[in-house]
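Enquirer: Got a structure for you, written out below as structure tokens; questions coming shortly.
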Amino acid sequence: MAADSDSRFDDRIVSRTEDYLDRISECVGLLPRLLETYLAEGTDETTAGTDSVAASIVNLESDCDRLKRDISGQITNADAADVGLLNARIHRNSSQVLDLYQRLDVIANVAERIAEELVTVRPPRDADCFDRYVEMAGFAIRGMDALSAAVSRYVRLLRSPSRSGTIADEIASVRGIESAVDELRNEVVETAFADDGVDRPLVHREFALLFDALCDAMEDVTDTLVLVSSTEAWITTEFDDRGSDLE
């Protein structure tokens, strides 16, 4: 801890940010295991495995909260000696940077809510709906991978007064994934209400909306990154003629 407290301000921000992104990614990455464990246990009387995975997600979300407070506090409380000329970009964009961390926190919050709702509500184990949930969780993992790369690169660019770079591909990937999850959400709703054979269709609709909210939260982070590019020439966040290939 002493070595960390003595490190440079920008090194601490980069290190803490990458830790933060790793924890959020772990939250999201546990969702397929959560779903598969719940399906494998098969009855509401045997859910110890599901409860354990859900508890891991809740604990990771708490780690995310702690890291977000730490990073935000370091940026907010930084003085001139901390910032200096090398970190002028951080100082100039501090409000957007703080908003970025707040929006990242929403991703972990939604992952936690999915876990808590699953162990509380115990949705019917409809195979078709759960297949879609697993697909949505897989897309969310891919989206978080792309988003982590974008945010990490952005924060590293903030520490340099001369470097420039692009995160356009990663942002396009997140947006494409969000659109794919929208389609899966609609499929779940259609399946759940297609006939009377599906038990508690409103519950399935709610879980589909939660997974959709997870990827919406990722897209919200990209919107914050795009906002930065509207006033800064050192970072490119969009290409007019490029898209994302999800195949």
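The values are calculated or read from the model by the stated rules, or taken from the named source; none is laboratory data. Keep in mind that this is a model prediction, so the values were computed, not measured. When we count neighbours, we look across all protein chains shown, and the Cβ atoms used for this are built from the backbone with ideal geometry, even at glycine. We work out accessible area using only protein heavy atoms, side chains counted, and drop any ligands, DNA or RNA first. Shrake-Rupley method; radii C 1.70, N 1.55, O 1.52, S 1.80 Å.
Enquirer: Tell me, in nm to one decimal, what length is gained between D51 and D65 on full extension, where the rule is 0.36 nm per residue of separation less the Cα-Cα distance?
Expert: 2.9 nm is the gain from fully extending D51 to D65.
Enquirer: Taking R0 as 35 Å, what FRET efficiency do you get between T76 and V226 from their Cβ-Cβ distance, rounded to the nearest 0.05?
Expert: Step by step, r from the Cβ atoms, then E = 0.90.
Enquirer: A follow-up question, please. Roughly speaking, what is the stretch gain from D196 to A40, that is 0.36 nm per residue apart minus the C-alpha to C-alpha distance, in nm to one decimal?
Expert: 53.7 nm
Enquirer: Could you work out the percent of alpha carbon pairs in region 117-247 separated by over 21 Å, rounded to a whole number?
Expert: 48 percent
Enquirer: Between R122 and D169, with labels modelled 7 Å along Cα→Cβ, what's the label distance in nm to one decimal, could you check?
Expert: Rounded to a tenth, the inter-label distance reads 4.8 nm.
Enquirer: Using only the Cα atoms of the chain, construct the convex hull and provide its projected area averaged over every direction, in square nanometres to one decimal.
Expert: So the Cα hull casts an average projection of 14.7 nm².
Enquirer: What percentage of the solvent-accessible surface of the chain, computed with a 1.4 Å probe over protein heavy atoms, is contributed by carbon and sulfur atoms?
Expert: 47 percent
Enquirer: Can you tell me the accessible area per residue over the chain, all protein chains present, probe 1.4 angstrom, in square angstrom?
Expert: Ligands and nucleic acids excluded, the figure is 46 Å² per residue.
Enquirer: I've got another one for you. What is the calculated FRET efficiency for D131 to A233, with r their C-beta to C-beta distance and R₀ = 35 Å, to the nearest 0.05?
Expert: The computed FRET efficiency comes out at 0.15.
Enquirer: Each residue of region 130-139 in turn: what ³J(HN,Hα) in whole Hz from Karplus with 6.51, -1.76, 1.60 and θ = phi - 60°, glycine and Pro shown as x?
Expert: 5, 4, 5, 4, 5, 4, 4, 5, x, 4
Enquirer: Provide the packing ranking of 65-75, 191-201, i.e. peptides ordered by the mean count of other C-beta atoms within 10 Å per residue, highest first.
Expert: Per-residue Cβ counts within 10 Å, averaged per peptide and sorted highest first, yield 65-75, 191-201.
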